[in-house]
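What follows is one structure encoded as structure tokens, with my remarks underneath.
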Amino acid sequence: MFPELLHRHARRQPAQAALIAGQATLTYQELLHATDGIAQWLLDRGLKPGDRIAIHRHNSIELVVLMLAAFRAGLIAVPINPRLKAAEIAYVLEHSGARLCFSEPALAGMVTTVEVVTQLPSFTSEFKPFAEAQSNPDAPALLLYTSGTTAQPKGVIHSQRTLYEGAAELARNSVDAGDTVLCATQISHIGGLGVVLLPALIHGATIVLLGIFQPAAALESIEQHGCTFMFLLPALLQQLVEEQTVRPRKVQSVRAFLVGGDTVPLSLQQRASDMFQAQVLEGYAMTELLPIAINTGGAARVGSLGPAANATICILDANGEAMPPGEVGELVVQSPASCLGYWQNPEATADLFAGGWLHTGDLASADADGYHWFKGRLKQIIIRGGCNISPQEVEEAFYRHPAVLESGVVGLPDAVFGEVPVAFLSLREGHEASADELLAFTRTLLSDYKVPVTIEFMDVLPKGLTGKIDRRRLRDLLLAGQETLEASKTVPA
């Protein structure tokens, strides 16, 4: 599917810039040559269709070529977020069974469990002609690891077809054929890959790759290349607006931002729209399904998730019955863009698709016109700036410290990031540990965005009827304010 698109674009517009990264540019003809050549090079290394290859790089031309070459060769690409720590990377590599890991040199030292490749052949090489049969568009092509309600991340399986179905819907509703798209979020995340890169490739648009998001660099890219469209998380849009306020650039080329990954404050939408004289469009999706709803065009309703996008949406009550407009229940979906399931996890896959619907774990309502309104999360996952954080994963990091007896992690609403994690801990009798010490300890095990912003110490953490730590009660205590916690604190945070 995507390799065939490259062939079409290379015939129609061979000299048009496909990828721009810093001072480097690849035309569509050059991108096709590199993709086919690297695909054959991968197979010549002994890899076979269905093998997994990890790609551990920031946004770059090399990352895009490796991804497309994997699709071309029938391999399964496993992008690894460059923000992950060594232990997190090791889990992804082991769980996916990756044969190789393609890392950029600065990141290679974090990979210790499989063979690491840091150097690709030059894209101008005279490659052997690609000789393999066309890959199966319905076979697994991508594993994206995302934190959920379990301690360990789950590998979401997509085929080229499920990716294409989602990207084509976004190509119809957000990205235009004449756009110069700025890819400012990491392609290792569904946002950078599914919202920006793949829809732009469907149109044959020019894609400007930002290695690491920095608001100044993003604005300079817009000014230099005349970027017209970009996808951002709410926290990143906030940073962009603040930077443009302090040091304005020429950004009149921007026609639209698509913003998702968390609730977008109405004040931020208005401020960005006024500053850039551009549309601020909202989208609702998850790693398992992109998109679910898009709030675009002249009929957009600010604050809504929007109407269904290439999907059938239903709001279900606790008994699995459909609810009438205005009532709150779990939002479930059926769509040709739904993932294939979770890698080596049939139980979680069955839960995801229980009753023939993909269960989002989000609470929502629908109005009479088919617009959907977010009402909270059925699951306890924390979403910080669009990044999923499993409470169990953070709790387990604390449990590895000898002073910690009990650990509970919940999300605190935050005006910039949507939510930030806060930890509640009780210490073992006879042990002492400060908040700074414990946070520094978890920072060696977890990505920085997963580390709690603060710790609340308690003698005993509240439990539910089954004896499990009651996170809902912890969150209620947190929201009730500091005074409620004073009586149960034993160590200053």
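Show me the helices (runs of 4 or more DSSP H) entirely contained within segment 1-78 in which 3 or more residues are more than 25 Å from the chain's Cα centre (by Cα).
Result: 2-12, 28-44.
Considering only segment 79-106, how many residues are outside any helix (DSSP H, G or I) and under 18 Å from C387 (Cβ atoms)?
Selection size over segment 79-106: 7.
Can you tell which of S103, S96 is touching a His at 6+ places or on another chain (Cβ under 9 Å) and hydroxyl-bearing (S, T, Y)?
Exactly one of S103, S96 is touching a His at 6+ places or on another chain (Cβ under 9 Å) and hydroxyl-bearing (S, T, Y), namely S103.
Can you name every residue in segment 340-366 that is touching a residue at least 60 places away in the same chain (Cβ under 8 Å) and either more than 20 Å from A322 (Cβ to Cβ) or not assigned by TED's automatic domain parsing to the domain that holds P140 (or both)?
Across segment 340-366, the qualifying residues are L340, G341, Y342, W343, Q344, N345, A348.
Among the residues of segment 19-36, are any of a type in the set (S, T, Y), closer than 16 Å to S122 by Cβ and surrounded by 19 or more Cβ atoms within 10 Å (Cβ to Cβ)?
yes
Just name the residue that is surrounded by the most Cβ atoms within 10 Å (Cβ to Cβ) out of those in segment 437-467 that are among the basic types (K, R) and closer than 19 Å to I89 by Cβ.
Selected residue: K450.
Suppose we filter segment 422-437 for residues that are within 23 Å of A480 (Cα to Cα) and within 30 Å of the chain's Cα centre (by Cα); how many remain?
The total comes to 5.
What is the one condition in (1) within 24 Å of A77 (Cβ to Cβ); (2) in a helix (DSSP H, G or I); (3) modelled with pLDDT of 95 or more; (4) touching a strand residue (DSSP E or B) at 6+ places or on another chain (Cβ under 8 Å) that G155 does not satisfy?
Only one criterion is unmet by G155, namely (2).
Failed condition for G385, given (1) under 23 Å from L352 (Cβ atoms); (2) within 21 Å of the chain's Cα centre (by Cα); (3) not polar (S, T, N, Q), with all others met?
(1)
Return the only residue of L107, L75, L100 being farther than 24 Å from H7 by Cβ and touching a Pro at 6+ places or on another chain (Cβ under 7 Å).
L107
Please go through (1) at pLDDT below 90; (2) touching a Gly at 6+ places or on another chain (Cβ under 9 Å); (3) among the small types (G, A, S) for A139 and return the number of the only condition it doesn't satisfy.
So the condition that A139 fails would be (1).
Residue-by-condition table, conditions (1) crowded, with 23+ Cβ neighbours inside 10 Å; (2) under 16 Å from V254 (Cβ atoms); (3) of a type in the set (D, E, K, R):
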| site | (1), (2), (3) |
| --- | --- |
| L163 | yes, no, no |
| G178 | no, yes, no |
| A184 | yes, yes, no |
| S188 | yes, no, no |
| L209 | yes, no, no |
| A217 | no, yes, no |
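Report, by residue number, each residue of segment 325-369 that is aromatic (F, W, Y), in a loop (DSSP other than H, G, I, E, B) and within 21 Å of the chain's Cα centre (by Cα).
W343, F353
Of the conditions (1) closer than 24 Å to A168 by Cβ; (2) of a type outside the set (G, A, S); (3) touching a Pro at 6+ places or on another chain (Cβ under 8 Å), T312 fails just one. Which one is it?
(3)
The values are calculated or read from the model by the stated rules, or taken from the named source; none is laboratory data. Note that this is a predicted model, so its numbers are computed, not measured. Here Cβ is always computed from backbone atoms with ideal geometry, including for glycine, and neighbour counts include all displayed protein chains.
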